[in-house]
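The values are calculated or read from the model by the stated rules, or taken from the named source; none is laboratory data. This is a predicted model, so every value here is computed, not measured. FYI the Cβ positions are ideal-geometry reconstructions off the backbone, even for glycines, and counts take in every protein chain you see.
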Protein chains: 2
Amino acid sequence: MYALDPLFDTLKAAQSRLALETRQAKDRALQSVMDAIDASRGLLCKANEADVLKARKEGMREALIDRLSLDQGRIDGMLQGIAQIIRQDDPVGKVRAGWTLPNGLVVEQWTIALGVVAIIYESRPNVTVDAFSLAYKAGCAILLRGSSSALASNRVLVGLIKQGLAAGGGIAGAVALADSGSRDEVEQILRARGKIDLVIPRGGKSLIRRVVQEARIPVLETGEGICHIYVEPSADLAGTLAIIENAKTQRPGACNAVETLLVHREAAAFLMPLLAKRFAGTVELRCDEPSKQAIGTPPPGLVLKDAVQEDWETEFLDYILAVKTVEGLKEAIAFINRYGTGHSEAILTNDLASAQAFSLQVDAACVYTNASTRFTDGGVFGFGAELGISTQKFHARGPMGLEALTGIQYRISGCGQIRV
Amino acid sequence: MYALDPLFDTLKAAQSRLALETRQAKDRALQSVMDAIDASRGLLCKANEADVLKARKEGMREALIDRLSLDQGRIDGMLQGIAQIIRQDDPVGKVRAGWTLPNGLVVEQWTIALGVVAIIYESRPNVTVDAFSLAYKAGCAILLRGSSSALASNRVLVGLIKQGLAAGGGIAGAVALADSGSRDEVEQILRARGKIDLVIPRGGKSLIRRVVQEARIPVLETGEGICHIYVEPSADLAGTLAIIENAKTQRPGACNAVETLLVHREAAAFLMPLLAKRFAGTVELRCDEPSKQAIGTPPPGLVLKDAVQEDWETEFLDYILAVKTVEGLKEAIAFINRYGTGHSEAILTNDLASAQAFSLQVDAACVYTNASTRFTDGGVFGFGAELGISTQKFHARGPMGLEALTGIQYRISGCGQIRV
């Protein structure tokens with residue numbers, strides 16, 4: 001029935017010890033984990049091949065097979081992530097603020113580890129290492145609940161992590177894999193009030209919906225990205241084309257890829273023909289009437305469709321771009337705040353007032369001026385890795401690194417003060 | 001069915017406008033709210049008398065009647081709270097961190113208003129003003145769902161707030177009272193995904209449990225306080241007695257009042273007889289065997305009982321103190337982390353190492369050294385007011401002031417950067 005309870009207890013006890021570790025000790029343990037993974041690449045690749053083989057047999061789509069697969073380059077990437085986390089400051093033990101009350105009491109606000117966290121994620125085995133490393137550095141114990149498709153890879157990874165921790169004087173009990181594969185396991189995690197301080201779902205819509213519905217513990221929601229780029233007439237034309245192409249095609253399956261282009265009426269006439277030419281043969285355009293008119297005669301090879309309402313509400317994750325013409329900044333902002341998912345939104349402009357208003361009024365985790373939306377990523381932001389990208393405003397927002405795993409504690413020192 | 005939907009929409013629209021207000025404009029509007037309340041004290045007192053009369057008729061306990069009642073002094077307190085919130089810095093529009101990526105992109109982490117918040121609270125009409133003022137200063141729209149017992153008072157208060165906002169050039173739509181009194185109203189609030197960004201339950205256990213169970217939106221839990229004071233032999237004796245008495249008797253119904261005393265075995269012999277004498281006739285002691293032995297012959301008038309397991313798990317909110325003898329710091333910390341509710345915990349000692357270890361290892365929102373636990377309060381901490389005291393570690397912890405109503409947004413500026 002409550003099969004995970006002993007595991008929860010072990011994690012909690014380990015977290016109490018981990019919270020007292022120095023940065024030196026935590027970094028040494030993480031270095032040792034790097035060494036353990038590096039020394040067993042063959043073992044890891046073999047387990048991963050078994051996962052991939054099984055997934056292929058079961059008919060998994062190639063895009064997902066790609067997410068599941070590890071190669072030497074991806075293992076290098078994992079290790080670089082740990083190295084970058086090692087280089088970062090300890091996020092706990094900081095005094096964020098402090099002041100003295102009129103009666104002489106000193107109030108300090110310290111950062112502390114959030115406690116025991118759980119992550120429920122799909123497919124990608126690198127998340128196992130990323131999430132563990134961030135948690136360990138932040139002094140949090142972590143329960144990893146990966147997908148059954150990555151079970152062999154995750155078992156080897158968690159084994160190597162534990163082996164590395166043990167060898168490096170770390171606390172091996174601070175990480176655990178929930179690997180029974182049963183859905184009941186997820187239910188136990190979501191109801192573990194007082195045992196798990198936070199759960200992070202990282203995966204598709206239905207996983208996130210289930211977690212939000214069923215959780216009785218705090219949830220850090222990661223969400224889909226219907227991202228927009230809004231182009232003003234004052235934007236640099238060559239830069240605009242390069243940014244739109246990059247945001248759409250550099251990795252269309254990523255949540256920070258652009259899905260809808262909002263083009264100012266006055267920019268459509270010169271931008272759309274060039275964009276149509278650039279995307280002919282690669283990206284399908286779903287245009288509203290004015291942007292379609294602006295294209296004129298479609299260049300050979302361009303797939304051009306009429307946009308319908310559903311296109312504004314869809315995260316394509318594919319070589320498809322919806323295009324809408326707007327009358328100006330106000331309409332663009334309103335459209336984004338209506339159809340956006342609060343992920344990453346960009347304005348391309350040379351108008352300072354527009355750039356400022358866009359930043360202030362667009363309600364999203366990441367707001368860009370004159371850059372591709374593809375930069376929303378913990379690694380790119382310098383966090384070493386990420387737990388996911390929060391699209392909610394509560395507790396953490398945007399790419400979540402070490403800071404998202406901390407809380408605060410007030411420490412108050414006196415010399416006998418009583419309240420009168 | 002969804003009677004509150006139009007209200008949610010109004011709040012959201014008002015919040016978008018409020019988020020763009022300057023600190024000057026927000027402070028001016030809050031000053032005008034102060035003036036409006038101050039000018040209508042008579043009206044407010046009359047409505048409150050009606051609430052109190054009705055509550056008495058319905059047999060409400062005197063302690064709750066007291067919480068419900070307003071008088072000139074309490075109205076003064078409300079107004080002082082607003083004045084202190086006006087004096088505080090604007091919590092939004094701060095750049096908390098900023099850095100430049102290797103490719104030249106500038107990443108800034110800004111503080112922003114959390115959005116539309118709802119508070120579901122019991123009895124005390126001053127919460128209406130406290131919660132509104134904090135929310136307004138933080139740029140949040142607020143939906144107030146008070147108890148039916150305070151309905152007349154809350155209606156007048158919210159009317160005066162709106163009147164003050166209108167007169168002071170503020171945004172009157174940024175506050176609303178959910179006043180139908182139906183339980184269905186609470187359900188609508190708890191399910192308002194995408195419409196309400198945060199709900200704060202402030203009241204008894206059953207209210208908080210219901211909110212945690214049913215909410216599909218982020219919850220900021222406030223909780224009960226089973227607070228401890230741990231006394232070491234090195235503690236100053238006179239100070240110790242004064243602190244224990246203050247923490248227990250200055251307002252026993254408060255969540256930050258002490259409920260259990262942990263006394264070091266070597267301190268019991270001299271402390272317990274004096275404490276028994278001090279509490280004879282006022283505070284009932286529920287002692288474990290060694291602390292009872294230490295008292296010796298009970299002084300006249302002392303109510304002395306044997307402590308039972310349940311006493312360690314009870315928030316008495318009364319003139320009752322449980323007493324347990326411990327062998328030392330380690331046992332005290334373990335006991336607190338087991339039976340405490342993560343609220344306010346104190347150590348009385350002159351031993352530096354003990355004080356440090358206690359602060360590091362006790363898992364609570366507020367950890368005190370040599371002071372009464374009664375100071376855990378937004379007003380005392382200098383926040384002007386509080387939304388409640390968070391006993392969870394997620395998003396906000398301890399007394400919640402303006403900071404608890406903020407989130408972050410990344411603003412990224414470039415000059416054409418694309419991801420390679």
Checklist entry - So how many residues does segment A:47-73 have that are assigned to a helix (DSSP H, G or I), more than 18 Å from residue A:121 (Cβ to Cβ) and of a type in the set (Gly, Ala, Ser)? => result 2
Checklist outcome for this item: Scanning segment B:341-354 for residues that are in contact (Cβ under 8 Å) with a residue 12 or more places away in the chain, among the small types (Gly, Ala, Ser) and either at the interface with another protein chain (Cβ under 7 Å from one of its Cβ atoms) or farther than 19 Å from residue B:246 by Cβ (or both) gives B:342, B:354
Item to check | Pick from segment B:326-368, criterion surrounded by 19 or more Cβ atoms within 10 Å (Cβ to Cβ), part of a helix (DSSP H, G or I) and hydrophobic (A, V, I, L, M, F, W, C), ranking: nearest to the chain's Cα centre (by Cα) | outcome: B:336
Checklist entry - Here is a list of conditions, (1) crowded, with 22+ Cβ neighbours inside 10 Å; (2) more than 23 Å from residue B:398 (Cα to Cα); (3) among the acidic types (Asp, Glu), and residue B:311 meets all of them except one; can you say which number that is? => result (1)
Checklist outcome for this item: Filtering segment B:211-242 for residues that are out of contact with any strand residue (DSSP E or B) (no Cβ under 7 Å at 6 or more places or on another chain), of a type outside the set (Asp, Glu) and at pLDDT below 90 leaves a count of 3
Item to check | Residue among B:84, B:31 that is surrounded by 15 or more Cβ atoms within 10 Å (Cβ to Cβ), within 14 Å of another protein chain (Cβ to nearest Cβ), under 25 Å from the mean Cα position of the chain (by Cα) and in a helix (DSSP H, G or I) | outcome: B:84
Checklist entry - Taking only pairs six or more apart or across chains, which ones have beta-carbon atoms under 7 Å, a first residue in segment A:1-27 that is in the same structural domain as residue A:89 (by TED's automatic domain parsing), and a second residue that is surrounded by fewer than 15 Cβ atoms within 10 Å (Cβ to Cβ)? => result A:25/A:169
Item to check | Complete set of residues in segment B:259-275 that are over 12 Å from residue B:244 (Cβ atoms) and crowded, with 23+ Cβ neighbours inside 10 Å | outcome: B:264, B:268
Checklist outcome for this item: Residue count, segment B:366-397, condition at the interface with chain A (Cβ under 7 Å from one of its Cβ atoms) and in contact with a Ser or Thr (Cβ under 6 Å, 6 or more places away or on another chain), comes to 4
Checklist outcome for this item: Being farther than 27 Å from residue A:72 by Cβ and out of contact with any Pro (no Cβ under 8 Å at 6 or more places or on another chain) narrows A:236, A:197, A:179 down to just A:236
Next on the checklist: Quick check on segment B:66-81. Is at least one of its residues crowded, with 18+ Cβ neighbours inside 10 Å and of a type in the set (Ser, Thr, Tyr)?
Outcome noted: yes
Next on the checklist: Kindly evaluate residue B:208 against the criterion of being free of Cβ contacts under 8 Å to residues at least 24 places away in the same chain and crowded, with 19+ Cβ neighbours inside 10 Å.
Outcome noted: yes
